[in-house]
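Here the structure comes first, spelled out in structure tokens, and everything after it is commentary.
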Amino acid sequence: MIDKLYKTFVDATQNVFSLMLNLSEISDHPLESFECEDVLEVAIGFVGDLDGEVIYRFPISTSLNMVEIMSGMQFEQVDAFVTSAISEISNIISGNVLNALSSSDLQCNILTPVLLKPYENSEDKEYDLKTHTCINTSIGELCIEIRLNRIG
Amino acid sequence: MLKTKVGVKTKNNYKKGVNNMLWKDKYELGVPLIDTQHKELFRRVESFMQVLRAEDNWDEKIPQLNETLEFMKRYVVEHFRAEEEYQQSINYPGYEAHKEVHNGMVDYVKEVSKQYENSNYDEQLMQQFGGRLLAWLINHVAAEDQRIADYALKKGVNGND
Ligand SMILES: [Fe+2]
């Protein structure tokens with residue numbers, strides 16, 4: 001289950017990066033923890049058959065590169081435009097995950113993205129499905145932390 | 001077709017006369033009616049973003065920004081309606097779900113506009129709106145609208161006639 005879930009998130013990210021950013025070459029590796037100083041963190045709550053949250057961590061440089069690709073404009077710092085665009089992308093990746101889950105009979109919904117203050121959410125609760133992935137792309141890396149419980 | 005040119009100073013290197021940098025050929029669905037509208041929609045969003053992201057003082061940008069915003073908002077609604085009519089005309093099975101996605105966006109746009117006016121034209125609100133709109137639009141056109149085209153082409157009803 002956890003391996004399948006991990007792969008679902010990697011595939012969804014790959015799909016969204018390819019469609020939206022024209023980046024088709026990505027690679028992933030599992031991670032114990034993610035150490036990066038300047039990072040944009042977006043939490044997406046999951047409710048339904050899987051319950052908990054997924055945290056997307058985008059280093060600042062990755063975030064700026066993503067927004068530059070989408071807009072064709074230059075961005076020098078993370079402002080409300082950038083955080084909002086990156087939150088929406090996290091939302092879109094999660095939406096892709098929901099579609100994939102529903103075809104394997106797991107019904108979930110997602111909540112509105114919440115921007116976290118760096119490492120705000122470091123409490124160590126127990127989750128049935130807890131894993132990290134680090135995804136590498138030509139414009140930088142990002143990390144996805146999955147913290148979900150199987151309900152029912 | 002209306003061409004919109006926005007004569008604002010921007011640090012971003014826009015070539016004069018090229019005002020559809022956002023559009024990419026891969027977004028084309030092969031349904032002429034929708035493709036034309038999508039290109040126009042991207043042009044409007046781009047005009048909006050050029051004003052939004054220009055380095056000028058915010059207060060000075062407000063009149064032009066509001067004008068571009070109103071223009072774009074009208075076009076979003078018009079385009080969604082036309083696209084929905086097209087879906088009905090080809091009996092697209094995902095019509096209801098797609099319409100809900102459109103309605104969700106229209107509601108969001110209305111809500112933000114209201115907040116924006118009530119806040120006396122707060123910059124943060126508009127920047128936030130711009131970022132979400134851009135990502136939403138790219139995904140919607142590159143992924144969700146693509147399914148209408150897949151269906152139309154499969155059925156041989158691509159709206160060319
Ligand atoms: Fe659409």
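Filter the stretch B:101-140 down to residues that are crowded, with 22+ Cβ neighbours inside 10 Å and of a type in the set (A, V, I, L, M), then give me how many there are.
5
For the stretch B:62-71, enumerate the residues that are surrounded by fewer than 20 Cβ atoms within 10 Å (Cβ to Cβ) and either touching a residue at least 40 places away in the same chain (Cβ under 8 Å) or outside any helix (DSSP H, G or I) (or both). Before the answer, list the steps.
Our first condition is that a residue be surrounded by fewer than 20 Cβ atoms within 10 Å (Cβ to Cβ); within the stretch B:62-71, this holds for B:62-64, B:66-67, B:70-71.
Answer for the stretch B:62-71, where residues must be surrounded by fewer than 20 Cβ atoms within 10 Å (Cβ to Cβ) and either touching a residue at least 40 places away in the same chain (Cβ under 8 Å) or outside any helix (DSSP H, G or I) (or both): B:Ile62, B:Gln64, B:Asn66, B:Phe71.
Do we find a residue being without any contact (Cβ under 8 Å) to a residue 24 or more places away in the chain, at the interface with another protein chain (Cβ under 8 Å from one of its Cβ atoms) and farther than 19 Å from A:Tyr6 by Cβ anywhere in the stretch A:86-100?
Checked the stretch A:86-100: no residue is without any contact (Cβ under 8 Å) to a residue 24 or more places away in the chain, at the interface with another protein chain (Cβ under 8 Å from one of its Cβ atoms) and farther than 19 Å from A:Tyr6 by Cβ.
Somewhere in the stretch B:37-47, is a residue modelled with pLDDT of 90 or more, out of contact with any strand residue (DSSP E or B) (no Cβ under 9 Å at 6 or more places or on another chain) and either more than 17 Å from B:Leu133 (Cβ to Cβ) or assigned to a loop (DSSP other than H, G, I, E, B) (or both)?
Looking for residues that are modelled with pLDDT of 90 or more, out of contact with any strand residue (DSSP E or B) (no Cβ under 9 Å at 6 or more places or on another chain) and either more than 17 Å from B:Leu133 (Cβ to Cβ) or assigned to a loop (DSSP other than H, G, I, E, B) (or both), one finds none in the stretch B:37-47, hence no.
Which condition breaks for A:Leu23 when tested against (1) part of a loop (DSSP other than H, G, I, E, B); (2) free of Cβ contacts under 8 Å to residues at least 60 places away in the same chain; (3) within 14 Å of chain B (Cβ to nearest Cβ)?
All conditions are met except number (2).
With (1) touching a residue at least 60 places away in the same chain (Cβ under 8 Å); (2) away from the ligand (no atom under 12 Å from the Cβ); (3) surrounded by 16 or more Cβ atoms within 10 Å (Cβ to Cβ); (4) not β-branched (Val, Ile, Thr) as the list, and B:Trp58 as the residue in question, which single condition is left unmet?
Answer for B:Trp58: the failing condition is (3).
Those residues that are within 15 Å of the chain's Cα centre (by Cα), surrounded by 12 or more Cβ atoms within 10 Å (Cβ to Cβ) and at pLDDT 85 or above, I need them from the stretch A:22-39; list them, please.
Going through the stretch A:22-39, the residues within 15 Å of the chain's Cα centre (by Cα) turn out to be A:26-31, A:33-34, A:39.
Subsequent filtering for residues that are surrounded by 12 or more Cβ atoms within 10 Å (Cβ to Cβ) retains A:26, A:28, A:31, A:34, A:39.
Scanning the stretch A:22-39 gives A:Ile26, A:Asp28, A:Val39.
Which residue out of B:Asp145, B:Asp122 is within 14 Å of chain A (Cβ to nearest Cβ), of a type in the set (D, E, K, R) and away from the ligand (no atom under 12 Å from the Cβ)?
On the way: B:Asp145 fails: away from the ligand (no atom under 12 Å from the Cβ).
One residue alone meets the criteria, B:Asp122.
Hey, among the residues in the stretch B:61-105 that are within 11 Å of the ligand (Cβ to nearest atom) and among the β-branched types (Val, Ile, Thr), which one's farthest from the chain's Cα centre (by Cα)?
Checked the stretch B:61-105; the qualifying residue farthest from the chain's Cα centre (by Cα) is B:Val101.
Restricting attention to the stretch A:67-85, report how many residues are buried (at least 16 other Cβ atoms within 10 Å of the Cβ) and outside any helix (DSSP H, G or I).
So the count comes out to 5.
So B:Leu134 passes all but one of these: (1) within 16 Å of the ligand (Cβ to nearest atom); (2) within 10 Å of chain A (Cβ to nearest Cβ); (3) out of contact with any Ser or Thr (no Cβ under 8 Å at 6 or more places or on another chain). Which condition number does it fail?
Unmet for B:Leu134, out of (1) within 16 Å of the ligand (Cβ to nearest atom); (2) within 10 Å of chain A (Cβ to nearest Cβ); (3) out of contact with any Ser or Thr (no Cβ under 8 Å at 6 or more places or on another chain): (3).
The values are calculated or read from the model by the stated rules, or taken from the named source; none is laboratory data. Since we're looking at a predicted model, the values are computed, not measured. Counting neighbours? That spans all protein chains shown, and the Cβs are built from the backbone with ideal geometry, glycine included.
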